[in-house]
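Novice: Quick one: the structure is below, and I'll ask about it shortly.
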Protein chains: 2
Amino acid sequence: MTASTLSEVAKLAGVSPATASRVLNGSARTPAPDIAERVRQAADTLGYIANAQAQALAKSSTGLIGLIVHDIADPYFSAIAQGVQAAARQERRMVLLATTNGTPAEEKDAVAAFAARRAESIVIAGSRSTRSEDARANTELAAELDRYCRNGGRVGVVGQAILGVAETESYRTIAVPNEQLARDLARELARTHKGPFVIVAGPEGLTTSDERVKGFQSGLSDAGKPAADVVHVAFNRNGGFDAGIELAWRIKASGQSAPEQRLCIFATNDVMAIGVAAALRDQGLRVPHDASLAGFDDIEWLRDFRPALSTVSLPLEEIGRLATMAALSNDDGGPAAVAGSVTLRRSTSSP
Amino acid sequence: MTASTLSEVAKLAGVSPATASRVLNGSARTPAPDIAERVRQAADTLGYIANAQAQALAKSSTGLIGLIVHDIADPYFSAIAQGVQAAARQERRMVLLATTNGTPAEEKDAVAAFAARRAESIVIAGSRSTRSEDARANTELAAELDRYCRNGGRVGVVGQAILGVAETESYRTIAVPNEQLARDLARELARTHKGPFVIVAGPEGLTTSDERVKGFQSGLSDAGKPAADVVHVAFNRNGGFDAGIELAWRIKASGQSAPEQRLCIFATNDVMAIGVAAALRDQGLRVPHDASLAGFDDIEWLRDFRPALSTVSLPLEEIGRLATMAALSNDDGGPAAVAGSVTLRRSTSSP
DNA sequence: ATGAGGTGGGAAAGCGCATTCCCAATTCAT
DNA sequence: ATGAATTGGGAATGCGCTTTCCCACCTCAT
């Protein structure tokens with residue numbers, strides 16, 4: 001890395017580094033047109049590219065924003081990343097990416113790395129975990145984030161607030177009303193569905209999943225329905241598939257003829273729902289004929305899936321954008337929340 | 001951003017900054033155990049986080065790798081990004097992300113930004129364009145990349161080499177044998193399919209799509225079939241949908257009863273194929289009953305799509321990983337190529 | 001006892017840039 | 001014509017860190 005420097009440009013142009021700096025980057029003072037032209041000329045022939053590191057050091061502001069996701073290949077996160085990227089570009093920032101597989105320990109590492117890089121703000125997406133085995137790592141994550149904030153960093157949180165973190169102005173959380181929306185979904189489904197409900201959820205302690213389970217149950221209760229069984233599996237396509245296999249067995253065992261027997265399966269995210277659907281199909285069962293199925297998130301890439309999946313639509317890209325802007329702006333703006341909506345499609349229609 | 005500095009830590013520990021630096025970061029020289037402990041102690045109480053910018057400036061090496069993709073929300077790119085991220089983590093690097101909508105102009109900007117940040121290497125994914133309106137921007141992109149390389153940067157290219165770029169050791173391209181694989185696919189399909197073929201391609205001039213079209217045509221020719229019609233649309237789901245609508249009309253018009261009349265549609269990527277499928281379904285046509293359909297890429301999230309899509313499997317994540325490693329390693333290793341394979345599924349089976 | 005060869009901490013010189021001062025040259029009002 | 005105000009370029013300092021040198025102090029062999 002032997003790029004040419006500002007002083008080299010200055011020397012070539014026959015001016016001082018100060019002047020070169022002033023013309024090459026937006027300074028309050030603008031050198032004379034002729035001299036400016038000479039500097040620009042020199043910069044061009046030398047192929048000068050300003051060293052952002054040095055600039056950052058000198059003005060202590062890096063133009064970096066850090067993004068933390070569980071898995072960038074997951075459409076849920078890549079949609080959010082898209083929004084973050086768009087906002088970052090608009091605000092003339094670069095995004096630094098870290099994937100953590102959802103473990104608080106790796107999230108903590110990512111925060112530390114971003115802090116070292118002096119990222120101006122970081123947006124962290126992905127469900128929190130309340131599992132006891134993660135407690136220690138969660139505490140450390142919170143400590144790391146607090147330290148980051150104490151040093152002037154700002155963080156945008158997608159979803160639910162992070163536990164154990166100091167109550168400061170530095171955190172902006174874009175709340176996703178998981179519970180509320182799951183409740184709405186349950187109520188809608190309960191209006192037409194006669195049979196029992198069952199929930200295919202992520203591991204217990206995964207906040208997002210837990211909230212959706214809770215909301216769905218309360219929605220059922222509102223509708224005067226008995227609580228649904230909950231199956232806990234991995235929070236991904238394969239987890240859904242596993243659950244689907246088991247449910248298929250259950251469905252077949254109970255001679256699924258009567259509408260009063262037909263199951264309605266709610267998977268706590270779309271990707272799991274797809275897994276469930278694949279498993280049922282695998283077992284010779286059809287949706288919605290043999291069971292209703294609903295998901296959550298309304299992942300764009302799954303819209304062409306058939307039967308079309310009933311789900312809760314979330315403006316994922318918008319969420320990413322909002323989180324980024326919130327983490328970048330100084331003014332409060334209050335706790336931003338985002339709106340979702342129940343989207344009923346074929347997978348939960350009457351057979 | 002008022003984080004504590006190394007000298008503050010040093011002062012607190014009662015040692016020189018040099019010593020503090022030596023203990024806090026891996027240096028060749030290791031201070032005495034007791035003094036090291038004191039420094040670590042001080043660093044801890046001050047919540048010291050090394051300033052990576054300053055470190056980068058001092059040792060001129062940033063640990064940054066830049067990733068350029070068309071669209072991070074596209075599963076093709078997010079799969080590659082996943083691989084890049086994994087490799088980067090393994091090599092203790094951070095990844096800087098830029099999305100460009102596939103325009104050479106924005107790609108050039110991204111390269112410049114990465115160069116300014118002194119990224120050690122950059123991996124650039126996504127089809128090149130040979131359209132005349134992009135010629136100028138392509139030249140500029142090549143110039144920018146060359147400049148980056150002249151300054152010591154290294155670049156890993158996914159897919160086809162970048163046009164107009166200097167022939168140096170600095171470029172490593174992970175070749176995707178699009179043409180070869182498309183030819184293989186065509187041959188396979190030609191073995192069983194009796195009717196005419198049609199290709200739903202991206203815009204003319206989009207290299208990836210062009211290569212696949214060319215390969216497919218030559219495969220047909222090998223099999224003694226007439227060349228396929230080519231429909232050019234946007235290289236995404238909606239483009240596929242548009243083409244699908246048109247094709248549905250064509251299919252219906254030609255009373256599609258006989259096997260000799262049945263169309264086999266090859267979309268130059270999976271996402272387009274999904275769009276085609278959606279359009280056909282929309283028009284009351286069924287795959288593979290009324291037409292065969294094949295894609296390219298074997299996107300993971302589309303595997304549960306029905307009818308299962310015949311396609312060409314590409315190890316996307318591996319490609320990202322390879323490109324990253326190639327751009328990071330100094331030794332040549334020769335031009336790496338990646339293996340794909342024809343994957344026939346239900347969407348092209350006989351009705 | 002004495003000089004050679006080690007050891008290990010500190011001083012200082014950058015890395016590439018922004019920016020505050022400082023000062024010479026102009027301009028303007030009176 | 002003259003002093004004040006303004007303009008615009010340059011010298012110098014510092015951002016936070018690494019890394020060479022340098023040197024005081026020790027250890028050891030002779």
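The values are calculated or read from the model by the stated rules, or taken from the named source; none is laboratory data. Computed from a predicted model, the values in this text were never measured in an experiment. When we count neighbours, we look across all protein chains shown, and the Cβ atoms used for this are built from the backbone with ideal geometry, even at glycine.
Novice: Tell me, which residue of region A:251-278 that is surrounded by 16 or more Cβ atoms within 10 Å (Cβ to Cβ) and more than 16 Å from A:Leu302 (Cβ to Cβ) is farthest from the chain's Cα centre (by Cα)? Lay out the reasoning, then the answer.
Specialist: Initially, region A:251-278 is screened for residues surrounded by 16 or more Cβ atoms within 10 Å (Cβ to Cβ), giving A:251, A:256, A:262-278.
With the extra rule that they be more than 16 Å from A:Leu302 (Cβ to Cβ), the set shrinks to A:251, A:256, A:262-264.
Details: A:Ile251: 34, A:Gln256: 38, A:Arg262: 34, A:Leu263: 31, A:Cys264: 28 Å.
Taking the candidates together, the pick is A:Gln256.
Novice: Against the condition within 28 Å of B:Asp270 (Cα to Cα), surrounded by fewer than 18 Cβ atoms within 10 Å (Cβ to Cβ) and more than 14 Å from chain B (Cβ to nearest Cβ), how does A:Ser349 come out, does it pass? Show your work before the answer.
Specialist: Values: within 28 Å of B:Asp270 (Cα to Cα): no; surrounded by fewer than 18 Cβ atoms within 10 Å (Cβ to Cβ): yes; more than 14 Å from chain B (Cβ to nearest Cβ): yes.
Against the criterion (within 28 Å of B:Asp270 (Cα to Cα), surrounded by fewer than 18 Cβ atoms within 10 Å (Cβ to Cβ) and more than 14 Å from chain B (Cβ to nearest Cβ)), A:Ser349 does not qualify.
Novice: When region A:45-55 is examined, which residues are found to be within 12 Å of DNA strand C (Cβ to nearest atom) and free of Cβ contacts under 8 Å to residues at least 40 places away in the same chain? Show your work before the answer.
Specialist: Restricting attention to region A:45-55, the residues satisfying the condition of being within 12 Å of DNA strand C (Cβ to nearest atom) are A:46-55.
Passing the criteria: A:Ala52, A:Gln53, A:Ala54, A:Gln55.
Novice: On to the next question. Scan B:Ile65, B:Ile80, B:Ile49, B:Ile72 and give me the residue that is more than 16 Å from DNA strand D (Cβ to nearest atom) and closer than 20 Å to A:Ala115 by Cβ. I'd like the intermediate steps shown before the answer.
Specialist: Values: B:Ile80 fails: closer than 20 Å to A:Ala115 by Cβ; B:Ile49 fails: more than 16 Å from DNA strand D (Cβ to nearest atom); B:Ile72 fails: closer than 20 Å to A:Ala115 by Cβ.
Answer to the check: B:Ile65.
Novice: Are any residues in region A:259-282 at pLDDT 95 or above and away from every other protein chain (no Cβ under 14 Å), and if so, which ones?
Specialist: A:Cys264, A:Ile265, A:Phe266, A:Thr268 - these are the residues of region A:259-282 that are at pLDDT 95 or above and away from every other protein chain (no Cβ under 14 Å).
For (1) away from every other protein chain (no Cβ under 14 Å); (2) within 18 Å of the chain's Cα centre (by Cα); (3) of a type in the set (Asp, Glu), each residue gets a yes or a no:
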site	(1), (2), (3)
A:Arg131	yes, no, no
A:Arg154	no, yes, no
A:Ala166	no, no, no
A:Ile174	yes, yes, no
A:Asn178	yes, yes, no
A:Leu185	yes, no, no
A:Gly202	yes, yes, no
A:Thr208	yes, yes, no
A:Glu211	yes, yes, yes
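Novice: For the subset of region B:81-90 comprising residues that are more than 14 Å from the chain's Cα centre (by Cα) and not hydrophobic (A, V, I, L, M, F, W, C), which member is farthest from the other protein chains (Cβ to nearest Cβ)?
Specialist: Checked region B:81-90; the qualifying residue farthest from the other protein chains (Cβ to nearest Cβ) is B:Gln90.
Novice: Say we look at region A:91-126 and pick out the residues that are among the polar types (S, T, N, Q) and more than 19 Å from A:Tyr171 (Cβ to Cβ); which of these is surrounded by the fewest Cβ atoms within 10 Å (Cβ to Cβ)?
Specialist: First, the residues of region A:91-126 that are among the polar types (S, T, N, Q): A:99-101, A:103, A:121.
Retained after the next criterion (residues that are more than 19 Å from A:Tyr171 (Cβ to Cβ)): A:99, A:101, A:103.
Numbers: A:Thr99: 26, A:Asn101: 11, A:Thr103: 14.
Looking at residues that are among the polar types (S, T, N, Q) and more than 19 Å from A:Tyr171 (Cβ to Cβ), I get A:Asn101.
Results for (1) hydroxyl-bearing (Ser, Thr, Tyr); (2) closer than 25 Å to A:Gly63 by Cα; (3) free of Cβ contacts under 8 Å to residues at least 40 places away in the same chain; (4) in contact with a His (Cβ under 9 Å, 6 or more places away or on another chain), shown as yes or no for each residue.
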| position | (1), (2), (3), (4) |
| --- | --- |
| A:Leu163 | no, no, yes, no |
| A:Thr168 | yes, yes, yes, no |
| A:Tyr171 | yes, yes, yes, no |
| A:Leu181 | no, no, no, no |
| A:Lys194 | no, no, no, no |
| A:Val198 | no, no, no, no |
| A:Glu204 | no, no, no, yes |
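Novice: Here's a follow-up. Among the residues of region A:1-44 satisfying the criterion of being acidic (Asp, Glu) and over 45 Å from the mean Cα position of the chain (by Cα), which is farthest from B:Val155 (Cα to Cα)? Let's see the steps before the verdict.
Specialist: We begin by selecting, within region A:1-44, every residue acidic (Asp, Glu); these are A:8, A:34, A:37, A:44.
Next, from what is left, pick out any that are over 45 Å from the mean Cα position of the chain (by Cα): A:34, A:37.
Numbers: A:Asp34: 37, A:Glu37: 32 Å.
Ranking the candidates gives A:Asp34 first.
Novice: For the subset of region A:1-44 comprising residues that are acidic (Asp, Glu) and farther than 28 Å from B:Cys149 by Cβ, which member is nearest to DNA strand C (Cβ to nearest atom)? Even if it seems obvious, please write down each step before you answer.
Specialist: Step one: filter region A:1-44 for residues acidic (Asp, Glu), giving A:8, A:34, A:37, A:44.
Still in the running and farther than 28 Å from B:Cys149 by Cβ: A:34, A:37.
On the way: A:Asp34: 14, A:Glu37: 18 Å.
For region A:1-44, the residue satisfying everything is A:Asp34.
Novice: Test A:Gln82 against the stated conditions and say whether it is surrounded by fewer than 19 Cβ atoms within 10 Å (Cβ to Cβ), more than 7 Å from DNA strand C (Cβ to nearest atom), within 30 Å of A:Pro315 (Cα to Cα) and of a type outside the set (A, V, I, L, M). Write out each step before concluding.
Specialist: Values: surrounded by fewer than 19 Cβ atoms within 10 Å (Cβ to Cβ): no; more than 7 Å from DNA strand C (Cβ to nearest atom): yes; within 30 Å of A:Pro315 (Cα to Cα): yes; of a type outside the set (A, V, I, L, M): yes.
No, not satisfied.
Novice: Now, a different point. Among all residue pairs at least 6 apart or on different chains, which show Cβ distances below 9 Å where the first residue, located in region B:56-80, is more than 10 Å from chain A (Cβ to nearest Cβ) and touching a residue at least 60 places away in the same chain (Cβ under 8 Å) and the second is in a loop (DSSP other than H, G, I, E, B) and crowded, with 22+ Cβ neighbours inside 10 Å?
Specialist: Listed pairs, sorted by first residue: B:Ile65/B:Ala119; B:Tyr76/B:Ala125; B:Tyr76/B:Gly126; B:Tyr76/B:Asn269; B:Tyr76/B:Ile299; B:Tyr76/B:Leu314.
Novice: Of all the residues that make up region B:35-46, how many are of a type in the set (D, E, K, R) and within 15 Å of DNA strand D (Cβ to nearest atom)?
Specialist: Keep residues of region B:35-46 that are of a type in the set (D, E, K, R), which gives B:37-38, B:40, B:44.
Add one more test, that the residue is within 15 Å of DNA strand D (Cβ to nearest atom), and what stays is B:40, B:44.
Here the count works out to 2.
Novice: While we're looking at this one, here's another question. Scan region A:329-346 and give yes if some residue there is more than 14 Å from chain B (Cβ to nearest Cβ), of a type in the set (Val, Ile, Thr), in a strand (DSSP E or B) and surrounded by fewer than 23 Cβ atoms within 10 Å (Cβ to Cβ), otherwise no.
Specialist: Scanning region A:329-346, I find at least one residue that is more than 14 Å from chain B (Cβ to nearest Cβ), of a type in the set (Val, Ile, Thr), in a strand (DSSP E or B) and surrounded by fewer than 23 Cβ atoms within 10 Å (Cβ to Cβ), so the answer is yes.
Novice: Now for a different question. For a quick check of your reading of the model, give me the residue pairs whose first member lies in region A:8-23 and is in contact (Cβ under 8 Å) with a residue 40 or more places away in the chain, whose second is more than 7 Å from DNA strand C (Cβ to nearest atom) and part of a helix (DSSP H, G or I), with beta-carbon atoms closer than 8 Å and at least 6 apart or on different chains.
Specialist: A:Glu8/A:Leu46
Novice: Take B:Arg212 and tell me if it is over 27 Å from B:Glu107 (Cβ atoms) and modelled with pLDDT of 95 or more.
Specialist: On the way: over 27 Å from B:Glu107 (Cβ atoms): no; modelled with pLDDT of 95 or more: yes.
For B:Arg212, the condition - over 27 Å from B:Glu107 (Cβ atoms) and modelled with pLDDT of 95 or more - is not met.
Novice: Now, a different point. Where the second residue is assigned to a loop (DSSP other than H, G, I, E, B) and the first is at the interface with chain B (Cβ under 8 Å from one of its Cβ atoms) and lies in region A:294-308, which pairs have Cβ atoms under 7 Å and are six or more apart or on separate chains?
Specialist: A:Leu302/A:Leu309; A:Phe305/B:Phe305; A:Arg306/B:Arg306
Novice: Let me ask something else about it. Looking at B:Leu293, is it surrounded by fewer than 22 Cβ atoms within 10 Å (Cβ to Cβ) and touching a helix residue (DSSP H, G or I) at 6+ places or on another chain (Cβ under 7 Å)?
Specialist: Numbers: surrounded by fewer than 22 Cβ atoms within 10 Å (Cβ to Cβ): no; touching a helix residue (DSSP H, G or I) at 6+ places or on another chain (Cβ under 7 Å): yes.
Spelling it out, it is not the case that B:Leu293 is surrounded by fewer than 22 Cβ atoms within 10 Å (Cβ to Cβ) and touching a helix residue (DSSP H, G or I) at 6+ places or on another chain (Cβ under 7 Å).
Novice: Quick one: in region B:110-129, which of the residues that are hydrophobic (A, V, I, L, M, F, W, C) and in a loop (DSSP other than H, G, I, E, B) is nearest to the chain's Cα centre (by Cα)?
Specialist: B:Ala125
Novice: Let me ask something else about it. Which residue is modelled with the highest pLDDT, if the candidates are limited to region A:6-44 and must be within 14 Å of another protein chain (Cβ to nearest Cβ) and loosely packed, with under 12 Cβ neighbours inside 10 Å?
Specialist: A:Asp44
Novice: Of the numbered conditions (1) facing chain B (nearest Cβ under 10 Å); (2) assigned to a helix (DSSP H, G or I), A:Leu189 fails exactly one; give the number of that condition.
Specialist: (1)
Novice: Now, a different point. Mind listing whichever residues of region B:169-179 are out of contact with any helix residue (DSSP H, G or I) (no Cβ under 6 Å at 6 or more places or on another chain) and surrounded by fewer than 23 Cβ atoms within 10 Å (Cβ to Cβ)?
Specialist: Residues satisfying the conditions are B:Glu169, B:Tyr171, B:Thr173, B:Ala175, B:Pro177.
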